[in-house]
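Have a look at the structure below before the remarks.
The values are calculated or read from the model by the stated rules, or taken from the named source; none is laboratory data. In this text the structure is predicted, and so the values were computed from the model without any measurement. All Cβ positions, glycine included, derive from the backbone under ideal geometry; neighbour counts span all protein chains shown.
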Amino acid sequence: MRPAPQLAPLDLDTIRRLWKPRRDSYADARLYEENRIRLHRAFSWLERAERCGDAQLDDRYLAQWAALMALASRWDEGRGAPVAERTALAAFVRQVFATDHDGVMPATLERERALVASVFSDRYLARHFDAVDARALLERRRFDRVASMVLERCALVHAQLAQGGATYGSRENRTVLKRSSMALERISLGAVQVFINHGYADDWGGLCWPPARG
């Protein structure tokens with residue numbers, strides 16, 4: 001079986017430098033405003049996450065999740081509220097993989113096989129999810145399924161923090177938080193690359209909470 005392409009990973013600064021000239025030209029032409037806002041928000045939270053030291057792991061994780069959801073969230077006009085998080089994430093992952101003509105996401109998951117396996121085998125997460133053979137899924141090139149399952153686990157960790165289900169800075173959840181944070185960072189950076197490379201002109205659903213005017 002042919003392996004996923006081994007693209008070199010890009011860091012946040014490099015990705016943002018690649019986006020800046022396009023962002024400026026689109027802004028001047030008043031094109032793709034909602035997607036430019038999504039990316040602006042995502043970059044702001046990713047930069048905040050990078051500034052968090054190891055002692056601020058909780059803050060880093062919350063910022064990383066906000067960055068991902070800046071891209072993934074979409075508005076439900078009928079309800080006048082955001083689409084349910086799980087539904088929005090599932091739609092986002094499907095669209096990212098459909099848009100990923102360079103194979104950024106498969107390359108990311110291939111490169112992070114050990115990290116993905118550690119998330120699936122984590123003792124805390126194992127209490128809430130069925131056992132998964134990450135290696136088998138990757139061998140079958142079910143990269144979209146792997147990404148979705150990793151993010152489901154990341155969502156649980158985020159919910160625990162955001163809903164006060166853990167003590168701030170608790171030693172009890174450091175391992176699962178570190179693993180989830182690393183996985184969330186890798187997937188988010190890959191998704192941003194895909195968005196910039198091929199998805200900036202696409203419809204990613206209604207923008208949640210457009211900037212107030214006036």
Take the residues of region 109-161 that are under 25 Å from Asp59 (Cβ atoms) and among the hydroxyl-bearing types (Ser, Thr, Tyr): which is modelled with the highest pLDDT?
Ser118
Out of Leu161, Leu138, report the one residue that is surrounded by 14 or more Cβ atoms within 10 Å (Cβ to Cβ), without any contact (Cβ under 8 Å) to a residue 40 or more places away in the chain and either within 30 Å of Ala29 (Cβ to Cβ) or out of contact with any strand residue (DSSP E or B) (no Cβ under 7 Å at 6 or more places or on another chain) (or both).
Leu138
May I ask you to verify whether Val119 is buried (at least 19 other Cβ atoms within 10 Å of the Cβ) and more than 20 Å from Leu46 (Cβ to Cβ)?
no
Looking at (1) among the polar types (S, T, N, Q); (2) farther than 14 Å from Tyr200 by Cα; (3) out of contact with any strand residue (DSSP E or B) (no Cβ under 6 Å at 6 or more places or on another chain); (4) buried (at least 16 other Cβ atoms within 10 Å of the Cβ), find the lone condition where Thr14 falls short.
(4)
Can you list residue pairs whose Cβ atoms sit under 7 Å apart, with the first residue in region 170-198 being farther than 15 Å from Ser148 by Cα and the second being small (Gly, Ala, Ser)? Count only pairs 6 or more apart in sequence or on different chains.
Asn173/Ala166; Arg179/Ser118; Val192/Ala42
Subset of region 168-185 (residues that are farther than 17 Å from Ser118 by Cβ and of a type outside the set (S, T, N, Q)):
Tyr168, Gly169, Arg171, Glu172
On the given criteria, is Leu31 among the aliphatic types (A, V, I, L, M) and in a helix (DSSP H, G or I)?
no
Being surrounded by fewer than 20 Cβ atoms within 10 Å (Cβ to Cβ), at negative phi, assigned to a helix (DSSP H, G or I) and free of Cβ contacts under 8 Å to residues at least 60 places away in the same chain, is that true of even one residue in region 64-82?
yes
How many of the residues making up region 8-30 are without any contact (Cβ under 8 Å) to a residue 24 or more places away in the chain and either within 17 Å of Pro210 (Cβ to Cβ) or not small (Gly, Ala, Ser) (or both)?
10
Do we have Arg23 as within 20 Å of Leu207 (Cα to Cα) and either touching a Lys or Arg at 6+ places or on another chain (Cβ under 6 Å) or crowded, with 17+ Cβ neighbours inside 10 Å (or both) here?
yes
Please return the ranges of helices (runs of 4 or more DSSP H) entirely within region 90-157 where 2 or more residues are of a type in the set (D, E, K, R) and over 17 Å from the mean Cα position of the chain (by Cα).
134-139
Examine region 32-39 for a residue that is within 16 Å of the chain's Cα centre (by Cα), charged (D, E, K, R) and exposed (fewer than 13 other Cβ atoms within 10 Å of the Cβ), and state whether such a residue exists.
no
